[in-house]
Each structure stands twice: as structure tokens, then as C-alpha cells.
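First comes the structure, then the notes that go with it.
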Amino acid sequence: MSHELAPRLDPRTIEPARYRAWQEGGYFHVPASAVLEDGREPYVIVIPPPNVTARLHMGHGLNNTVQDVLIRWRRMQGRAALWVPGTDHAGIATQNVVERQLAAEGLHRDDLGREKFVERVWSFVHQTGGVILDQLKAIGASCDWERTRFTLDPELTRAVREVFVHLYEKDLIYRGEYIINWCPRCLTALSNEEAEGAETVGALWHFRYPLAEEAYEAAEIAHAAWEGGEASHADTRGDEDVAAGTTGLNRLEDGRWYVTVSTTRPETMLGDTGVAVHPEDDRYRTLVGAEVELPLTGRRIPIVADAHVDPSFGSGMVKVTPAHDVNDFEIAGRTGLDILDVMNSDATLNDEVPEPFAGLDRFEARDRVLAALDALGLLAGKEEHTHSVPRCYRCDTVVEPRLSDQWFVRMKPLAEPALEAVRDGSISFTPPHWQKVYEHWMENIRDWCISRQLWWGHRIPVWYCECGEVVVAREDPEACPKCGSAALEQDPDVLDTWFSSQLWPFSVFGWPEQTDDLKAFYPGHAMVTAPEILFFWVARMVMMGYEFHGKAPFSQIYLHGTVRDAQGRKMSKSLGNGIDPLEVVHEFGADAMRYTIVSQCAVGTDISLDHEDVEAAFANGRNFANKIWNAGRFALLSLGEGPVRPLSEVEDALELEDRWILTRTTIAGRTATRALERFRLHDAAEGLYHYFWGDVCDWYLELVKGRLGPDADDASREAARSTLVTVLDRAFRLLHPVVPFVTAELWTRLPWPEGADRPEDLIVAPWPDGVDGFEDADAERGMRDVQSLVVEVRRLRKEYGIPEGERITVHVTGAAAGLMDALAAQATALERLARIGRVAPAPGEGVGAHAVLESGAELFVPLEDVIDISREAGRLRDEIGRLEGQLESTHGRLANEKFTSNAPADVVQKERDKAQQLEEQGAKLREKLAGLEAGRS
RNA sequence: GGUCGCUUAGCUCAGCUGGUAGAGCGCUACGUUCACAUCGUAGAUGUCGCAGGUUCGAGUCCUGCAGCGACCACCA
């Protein structure tokens with residue numbers, strides 16, 4: 001059977017079949033009864049649901065590989081490991097996709113009307129949505145597909161309703177007119193999180209507004225006080241600025257008084273309803289209550305005092321546009337200024353503005369306003385100004401702050417337990433520094449605008465009656481409870497897509513029904529996601545967990561990095577620097593991709609992959625998978641067909657390398673377990689890589705080759721066979737979470753010791769945590785000697801150019817106890833590995849190559865015939881020099897009384913031993929050098 | 001402006017509780033030894049950003065500086 005294995009791993013021939021076998025075996029599915037009846041300890045991860053229209057990209061590859069590694073590992077540990085998959089309806093994103101399709105047909109959503117449009121989106125979702133879940137199968141994701149959920153499923157919609165009504169009844173949801181972030185392209189409100197600031201170099205313009213004549217007297221008083229230096233907020237600018245009119249109050253050559261204000265959005269001046277100064281600002285105290293003439297509009301607007309104004313910024317005077325700026329809106333609320341909305345929803349100016357500007361786009365209006373003010377001589381200056389301009393996270397359009405009637409969630413009360421949870425350790429972050437970021441956000445949390453002027457999403461469960469009654473209900477009401485009218489109108493808006501996502505950890509289990517699933521699987525354990533959605537999603541899930549269940553939805557938040565290209569740029573569709581994970585799977589296999597990702601997945605760091613050389617980017621993983629394949633292939637071939645005896649029966653015949661590799665295996669399991677427990681996936685993967693490639697392949701397989709052949713002693717062969725089977729079984733288990741396919745393929749073909757129970761599949765084989773495995777410290781020490789001897793001999797052979805075929809004799813002296821026995825026992829192996837003819841205990845004489853082993857033993861290879869004596873002498877001198885350097889620093893340390901008295905005793909002792917060892921080595925080398933030089937003369 | 005993080009071999013990065021540095025890729029040399037050339041063997045490469053401090057001893061702790069990055073808030 002084993003001879004049919006190809007010399008190269010071809011993932012395409014094994015991966016799909018293996019995945020199918022797992023699915024058919026039902027290994028991914030975890031029923032509630034596993035926990036409630038069988039009493040198994042659950043381990044639950046809910047997937048960060050990708051957008052239903054999404055296609056798999058490397059970010060998903062990373063995110064889901066991490067989750068799958070954790071789930072597979074926990075499943076092998078015997079936990080009821082459940083990974084719930086699903087997709088998010090992704091309000092704006094999905095609506096945008098369908099709108100683009102319509103646009104290609106020359107249509108707008110209004111042409112269809114709401115009902116038809118939503119139907120269209122549904123059919124789009126049914127046809128092409130959820131593809132990403134199938135794509136996840138290709139990378140090996142072991143989700144419980146029977147539990148696949150969609151945020152718009154009826155059950156989840158029910159959860160949304162329940163939450164909305166509950167929060168409304170608790171007065172945690174309210175409706176109000178506030179300045180919100182408005183996307184003039186998507187024509188909807190956005191939350192603060194959805195309006196992403198983009199650092200932009202823009203301009204700050206200074207305008208002059210003429211003061212109304214009645215206020216000239218006040219102006220003169222103010223100005224006099226100011227010039228006389230009595231004003232408490234003396235302008236820090238120089239005279240030039242005053243002359244240029246960039247200070248707040250000036251009389252120009254025309255004899256009129258002007259105030260100066262500044263803005264980065266000149267078009268908003270058309271909506272100004274006031275000018276504000278700080279109440280304590282003595283420069284302008286007398287002007288409060290006066291009026292200015294708002295240019296271009298013919299309107300007069302008052303000067304008011306408000307503490308929000310920063311007297312030291314600019315002129316200390318602020319134009320106030322309440323309908324188009326958050327702060328200005330608040331100022332208006334406090335000071336009673338009018339609120340004048342001058343924009344339409346598409347960010348064109350409306351009829352509230354004078355004729356020439358009405359109907360213009362905001363940016364065109366900006367230019368026109370500037371030109372008009374300039375023509376009037378009211379443009380006082382312009383500065384370069386770098387600030388962050390908010391843009392729509394979906395379409396990148398500049399967001400317009402706009403006065404609007406929206407629904408909000410009152411967040412402060414919800415945030416309190418969520419904040420407490422991380423402070424008392426109920427929830428931990430990996431890496432830990434995110435906790436501070438989270439806390440900071442929670443502490444400064446602001447109300448969440450949840451209504452969206454979209455058609456695709458959860459309709460807000462609020463109905464309005466002609467009688468004025470507002471009905472907020474879990475079920476669609478038939479009639480108005482107050483007047484009985486059936487003419488109820490449902491609120492046209494839908495909820496922010498994150499409103500339903502935040503319920504995901506429990507809505508997927510059927511809440512608000514008290515289902516068995518909920519009892520078994522809530523709360524979950526790990527939340528694996530990217531830091532970008534910490535606020536969008538993670539924080540809100542925590543808040544909802546506490547509000548509706550009194551406990552956190554998960555206990556560990558693991559935030560992995562971002563996938564970047566070779567230049568360190570984030571992979572993105574728009575940059576065209578992405579790598580298609582499916583292509584990688586097709587070319588190199590899912591195992592190759594998974595190992596490459598996981599091995600780079602150090603806590604808190606990004607992973608970088610070169611999109612221009614995909615082969616190189618994944619070579620490491622591909623090579624490793626192939627190495628596993630070939631090691632397995634060789635083992636299967638060498639093991640032959642005969643029965644394999646259990647390790648316990650051959651224990652007496654175990655040789656050094658057997659005991660050693662069994663020990664290494666135990667330690668590898670222990671190390672990997674510790675790493676996984678701490679989310680150190682990179683450490684776990686790299687540790688196992690070196691264990692398998694180095695210990696198992698480079699050393700063990702090479703050492704036992706001779707013992708597996710027909711010439712070998714029976715007892716030795718059987719010991720080797722048992723050991724090899726045991727080691728590979730354990731190794732495949734340990735590697736399985738990271739590289740599930742190749743390990744499973746080989747494991748199922750592995751012969752099994754007679755009489756031993758075989759797990760029905762590798763995917764559920766018990767995880768070797770290394771707690772009670774075979775361990776033999778002597779074997780480790782002995783093997784280290786063998787290894788260092790082999791390495792040194794190889795090095796010497798190389799150094800002196802001794803041909804491959806030529807056997808040499810090696811003398812070993814000063815051997816640590818047992819070394820010679822070990823070496824003698826390994827004679828054949830040593831011959832094979834280091835091309836040694838004989839290992840002799842006698843000290844070497846004459847000219848030869850010399851080395852000191854790690855154990856302190858000295859190695860001497862007589863090489864009169866092959867070496868260049870003067871070169872060897874030089875080498876010895878270098879060696880002696882190096883030893884002396886080390887000795888000096890060691891002696892220096894020992895001579896330091898502070899060291900000997902302060903450092904721990906064992907450290908000092910170690911230092912003494914080292915010094916002695918170095919001295920002995922140095923003496924021997926000097927002797928050797930003397931001999932060499934004598935021999936030459 | 002605030003907060004947090006990063007700066008270690010040519011590249012990408014590891015280095016947990018302080019004891020004179022590691023991996024992968026790349027590079028050099030040799031090798032068609034019958035599991036694997038997607039391989040093997042051996043080798044080279046670092047004043048661990050700069051300046052101070054604590055310590056017997058500091059990539060490892062503290063302070064300051066410089067450069068880079070992220071997040072939050074925005075001053076009109």
C-alpha cells in the first residue's frame with residue numbers, strides 16, 4: 001500500500017478527499033448533548049462572519065487558519081470544540097454591490113422601489129452569497145457547517161427585534177435630531193466608527209464678516225482695551241497679522257469694523273447663524289450680543305459667548321454653523337442660535353442659500369463662495385492646514401456632518417460592565433496592550449447612531465400612527481394600540497449592520513429562546529479577529545453579552561495582525577497586491593498556506609507575504625509539508641508489512657536514539673501545548689517544525705535506517721519499528737492542527753502496534769500534551785554527545801577536504817561518563833552519519849584535526865596524510881586565542897567580589913566550572929600546537 | 001493634540017520572569033549516499049536606533065532623544 005505514495009506531495013490528490021472524509025465522519029458537528037448529556041467541556045469559537053458577498057482573501061486566510069488551529073487542537077484535547085460559521089448581511093457593502101449591478105443596467109434603486117430592490121438583493125445573496133464559506137473548506141476549516149447562520153435569518157432577526165425593544169424599553173435607545181456623519185453617496189447616516197479619518201493637507205481660510213454699525217462703539221472699546229494691553233487674551237500674533245486682518249477685530253481702510261473667522265469648509269458659511277467667542281475673552285467681551293452681517297446672504301447673525309471656543313486658536317472667534325458641525329450644534333443648543341440646514345442629502349446646497357449657490361455641489365460651492373468673498377475683499381487669508389477628513393468606510397466619499405433625525409443607543413450604561421470585565425480579568429487580551437485601547441474607548445464612549453437610510457438590513461421595529469402614537473414592538477402590530485387605526489407606517493430605516501453582529505455569540509444559538517445550544521455553548525471562549533474591528537464589533541459584543549446574559553460572550557480576545565505585502569503595505573483589492581488563498585491552495589496546498597501563515601503569526605505582529613513571488617512566499621510551508629510527506633513515505637516503506645509490537649514489549653531493546661527521540665517527542669508536545677495555551681501559534685509551529693525536521697528526520701530517521709533493513713538484529717529492528725510508529729503517530733498528532741491534510745493522509749496509513757486501540761481518526765486522536773510521555777534525561781545527554789561528535793567530524797572532514805569515500809579513525813579522550821559506551825553502541829550509525837571507520841578510545845598522537853565536544857570530550861582525528869600543517873597550526877592559534885578571550889572575561893567576572901557575593905550560587909559555580917574547563921582546553925591545545933610545531937621542524 | 005506600539009543578520013521577523021544573540025528566506029562551498037534537489041552537509045554575516053541611568057552584569061528594566069507606525073480626538 002505504501003509504495004503507491006508519490007515522491008512529491010501532491011496536495012490536490014489528497015486534500016479534497018480528506019476534507020470530505022472528515023465531513024462524512026461528522027467530526028465537525030457538535031450537538032448540545034455532547035455538553036449537556038455527555039458532560040464534555042465545551043470550547044466555542046464563533047467565526048467573525050464575513051460579508052455574505054465577500055470572496056476569500058488572505059486576511060480571511062489568516063483569521064480562519066488561526067481559529068481552525070485552535071479548534072482542532074482543542075478537539076484533540078477532548079473538548080466539545082465547536083466552531084460556528086456564518087455570514088453577515090453587511091448592510092451598506094451588499095447594497096452597494098447590488099446598486100453597482102443596477103447602475104450597469106442603467107438603473108437606480110428608486111427605479112425598482114424598495115420591495116423589488118430588496119428582492120433583488122436577496123436573489124443576489126441566494127445565488128452568489130456565502131461562497132466564502134465553501135472557500136473556507138478549501139483551507140481546511142473545521143466549522144460545524146450544520147450550524148451555518150446568516151445575520152438576516154429569521155431567528156437572528158428575532159434576536160435583533162428583542163434587543164431593540166428591550167433597549168428601547170430601558171430607555172437605552174432613543175430617537176433624536178443630532179449632527180451625524182452622513183455619506184452623500186450612500187445617502188445614509190454612519191456611526192462614528194464608520195467615518196474613518198484620513199489625514200489630509202487642506203486649507204484653512206480666514207473670512208471677514210462686517211460688524212453691524214450699531215456695534216462700532218463696542219468695537220472701539222474692545223479694540224482700545226486690547227491695544228492698551230489690558231486684554232487678558234492678548235493675541236500672540238505679530239503686527240503683520242493684525243495688519244493682514246487675521247486677528248479677530250479690525251477696522252479696515254474703508255472705515256468699517258470687521259471680525260475674522262476661519263474655516264476649512266468655506267461653503268458652510270452660508271449656514272452660519274452666529275459667531276462665538278469665549279465668555280472670558282476680554283478682547284471681545286463688549287461685542288457679545290452685537291451682530292455681524294453675514295456676507296453673501298444678507299442675513300444678520302449675533303455674536304454669542306460659549307466656553308467651547310478656544311481663545312488661543314486663530315482669532316478666538318468662531319463662525320457657528322449648527323446644522324453642519326457637531327460642536328456648533330452644541331453651541332447653538334446652549335446659546336439658542338438658530339439652526340439652518342443648507343444642504344440636501346446629496347451634499348448639494350439647498351434653497352436656503354442665495355440664488356447663485358443653490359443646487360451647487362458642496363465642493364463647487366466652496367470655490368464659488370471663496371471667489372465671491374474674495375471679490376468683496378472679505379477673504380483675509382489662507383493657510384495650509386493638515387487635518388483629518390472623515391470618509392465613508394465603504395465608498396471613501398468625504399462624510400458630511402449633517403443635522404439629522406436618527407436612532408441612537410445610549411452607550412455609557414452598557415459600557416460599564418464591559419469595562420469592568422477587562423479590569424477584573426474576566427476577559428483577557430492577546431496581545432495585552434489592546435486592553436488599554438479598549439478601555440480608553442469604553443471610557444470615552446459616545447452614543448451610537450444605529451439607523452441607516454438603506455433598504456438592505458434589519459428594518460427598525462418602530463411604527464408611527466397618524467394619531468401620533470409611536471409603536472415599538474417585537475411583533476409587527478396590526479393596529480395602533482391607542483386609536484385602533486390600521487394605517488401604521490413602519491420606520492423606513494434599517495439598523496447598522498453591526499447591530500446584529502454584536503448579538504452573534506448568542507443569536508447563533510437561538511436566543512431569545514432558552515435553547516439547549518445556548519445552555520451548552522454560551523458563553524464561548526476565544527474571539528479571534530483583527531484589531532480593526534475591536535470597536536465595531538468586539539467591544540459591542542461584550543456589552544451585549546453583559547446586558548442580556550450578565551456575562552462576557554468569550555473570555556479571551558486574540559487579535560492577530562494584518563496581512564501585508566513585501567513592501568509592508570496592507571493587502572487590498574484597490575492596491576492590487578493581494579494573494580488569492582485559493583490559488584495558493586491549488587498550487588501548494590492548504591497545508592503549505594497554513595504553515596506559512598501560522599509560522600509567521602507571532603503575537604502582535606503582522607504577517608508579510610510577497611504577492612509578486614507567491615512561490616517564494618509559501619516555499620517554507622510547501623517544503624515542510626513535502627518533508628512530512630517524504631518522511632512518512634520513507635517510514636511506511638521501511639516499516640514493511642509485518643506486525644508492529646507495542647512499545648512496552650520492546651522497551652528493553654530500545655537503543656539510545658530510540659529513547660532520545662521518544663523523549664524529544666514528549667518534550668515537543670509539552671512545548672507546543674504551552675505555546676498554544678498562550679496563543680503563541682508561531683512558537684508552537686516553529687517548535688514542531690524543528691522537532692520534526694531536525695530531530696525526527698535529520699537525526700532519528702538517519703540513525704535508524706540501518707536498523708530497519710533485513711540485515712539488522714531482530715530485537716533492534718523491532719524496537720526501532722515500534723519507536724518509529726509511536727513517534728510518527730505522536731508527531732502527526734502534534735502537527736495536525738497546523739497541517740491537517742498531509743498528517744491525516746499519512747496517519748491513516750500508519751501501521752498500528754498490535755493490541756493497541758487506534759483512534760478512529762487523527763482529527764480526534766488524543767492530543768499528546770507531553771505530561772506523562774516517555775522521558776529519559778540520560779538519553780538526551782548521550783545523544784547530544786553523539787550529535788556533537790558527528791557534527792565535529794563532518795566539519796573536520798569538510799575543513800580538510802577528506803573525500804566522501806575515505807573512512808577515518810576518530811580518537812576520543814576526556815569523555816564524559818558513558819560517552820564511549822554510547823559511541824560504541826552507535827558505531828554503525830556513526831559510520832553512516834560521519835563516514836567514520838573506527839571510533840577509538842585511545843588519545844591521538846601526532847598531527848591531526850582536533851575539536852572539543854559540547855560535553856567537554858576531546859576529539860582527535862589523525863590526518864597526517866591529508867592536512868596542511870601550517871594551516872592547522874594557524875587554526876589552533878585562533879582557537880587558543882578565542883579560548884583565552886573567553887577565559888579572560890570569565891576570570892574577570894570571578895575576580896569581581898560583587899559578582900561572587902551577589903549572584904546566585906549556581907550561577908557563580910557555573911562560571912567557575914567554565915573557567916576550569918576553558919583552562920584545561922587551552923592547555924591541551926597549547927600542547928597540541930607545540931607538538932605540531934615540533935613535528936614541522 | 002492624546003494614547004499605545006515598534007526600531008535585533010541583506011530581507012521578514014523570534015527572543016517569556018535581565019547572565020556577552022536566534023529562525024526562515026537569501027548568500028558561499030561541497031554533494032546525483034537507494035524518503036525528500038520542494039533535498040543533504042558544512043560555512044559567512046549583527047558596537048541588538050542614539051544618549052544616559054539602575055545592576056556584579058542589559059536586546060532584555062528606567063529616563064530622554066530620533067525615526068517609523070497604529071489608534072483616538074479633533075481647534076472652527
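The values are calculated or read from the model by the stated rules, or taken from the named source; none is laboratory data. As the structure is a prediction and not an experimental result, all values here were calculated from the model. Cβ placement follows ideal geometry from the backbone for every residue including glycine, while neighbour counts extend to all protein chains displayed. The area values use the complete protein model at the heavy-atom level, side chains included, leaving out ligands, DNA and RNA. Shrake-Rupley method; radii C 1.70, N 1.55, O 1.52, S 1.80 Å.
Results, tabulated for the structure shown:
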quantity	calculated
Rounded percent of accessible protein surface that carbon and sulfur make up, chain A, 1.4 Å probe	47
Helix axis angle, A:539-549 relative to chain A longest principal axis, alpha carbon, degrees	90
With all protein chains modelled, accessible area of A:Lys898 [1.4 Å, Å²]	150
Sequence-distant lysines (8 or more away, or on other chains) whose Cα lies within less than 30 Å of A:Lys898	A:Lys910, A:Lys914
Region A:487-592: relative contact order in percent, alpha carbon pairs under 8 Å with at least 6 residues between	22
Top positive-direction residue, dipole computed over chain A with Cβ charges, set A:Met411, A:Val84, A:Ile303	A:Val84
Protection-proxy order for peptides A:477-489, A:200-212, A:728-740, each taking the mean of Cβ atoms within 10 Å per residue, highest first	A:728-740, A:200-212, A:477-489
Too-long pairs where the Cα-Cα distance tops 32 Å, listed order kept, from A:Lys116/A:Lys519; A:Lys705/A:Lys798; A:Lys137/A:Lys570	A:Lys116/A:Lys519
Intensity falloff of region A:25-166 expressed as log10 I(q)/I(0), Debye formula with alpha-carbon point scatterers, at q = 0.19 Å⁻¹	-1.13
Set of lysines near A:Lys412 by C-alpha distance (under 20 Å), chain-local residues within fewer than 8 positions excluded	A:Lys170, A:Lys436, A:Lys551
Using alpha-carbon coordinates, inclination of helix A:362-375 to the longest axis of chain A, degrees	50
Over 13 Å [Cα-Cα, region A:559-604], rounded percent	62
Contact order relative to length of chain A, as percent, for alpha carbon pairs under 8 angstrom and 6 or more apart	13
Surface accessible to a 1.4 Å probe, per residue, for the residues of chain A, Å²	43
Share of alpha-carbon pairs per 10 Å distance bin for chain A, given as whole %	2, 9, 15, 16, 15, 13, 10, 8, 7, 4, 1, 0, 0
Under 17 Å from the Cα of A:Lys482 - aspartates and glutamates, other chains or at least 8 residues apart	A:Glu466, A:Glu469
Dipole axis of region A:358-498 (+1 Lys, Arg; -1 Asp, Glu on Cβ), positive-most option in A:Met442, A:His385, A:Gln453	A:His385
MRE, 222 nm, helices only [DSSP H, n ≥ 4, -39500 (n - 2.57), over chain A, to nearest 500]	-13500 deg cm²/dmol
For chain A, share of DSSP beta bridges that run antiparallel, in % to the nearest 5	75
Using alpha-carbon coordinates, inclination of helix A:91-104 to the longest axis of chain A, degrees	80
Size of electric dipole in region A:441-510: Cβ of Lys, Arg +1 and of Asp, Glu -1, about Cα centre, debye, nearest 20	180
Heavy-atom accessible area ranking, 1.4 Å probe, most first, across A:Asp351, A:Asp769	A:Asp351, A:Asp769
Solvent-accessible area of A:Ile339 with every protein chain in place, 1.4 Å probe, in Å² to the nearest 10	80
